[in-house]
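Engineer: So that we are looking at the same thing, I have put the structure below in structure tokens.
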């Protein structure tokens, strides 16, 4: 391998053929899946099911909220703070 350089294999970010095939097959159900999520959001008796459906719809329509991880390393101890929210 060249010093610090990738010299073979797939290009960075490209999917393998099996992943592409599965993704294309799943995309055929996109409309039905979104309609089902919307139906669950409107009609589910369980509050948890309604919230989960709403979250999934919002994540797909507007993207998932960014998660920021802040690590402060001093000596032997590590403090990790996780902040969830949009930037």
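Engineer: I want to check the label-to-label distance for residue 35 and residue 19. Put each point 7 Å from Cα in the C-beta direction and report it in nm to one decimal.
Structural biologist: That separation, rounded to one decimal, is 3.1 nm.
Engineer: Taking the C-alpha atoms of the stretch 17-84, how large are the radius of gyration and the largest Cα-Cα span, Dmax, in Å?
Structural biologist: So, for the stretch 17-84, Rg and Dmax equal 18.5, 54 Å respectively.
Engineer: Ok, one more. Determine the gain in length on full extension of the stretch residue 11-residue 48; use 0.36 nm per residue of separation and subtract their C-alpha separation, reporting nm with one decimal.
Structural biologist: The span from residue 11 to residue 48 would gain 9.2 nm if fully extended.
Engineer: Here is a further query. Quote the FRET efficiency, to the nearest 0.05, computed for residue 57 versus residue 81 with a Förster distance R0 of 41 Å and r equal to the Cβ-Cβ distance.
Structural biologist: The computed FRET efficiency comes out at 0.90.
Values quoted throughout were computed directly from the atomic coordinates according to the rules given, and no laboratory measurement underlies them. None of these values were measured; they are calculated from a predicted model. Virtual Cβ from ideal backbone geometry, glycine too; neighbours counted across all protein chains shown.
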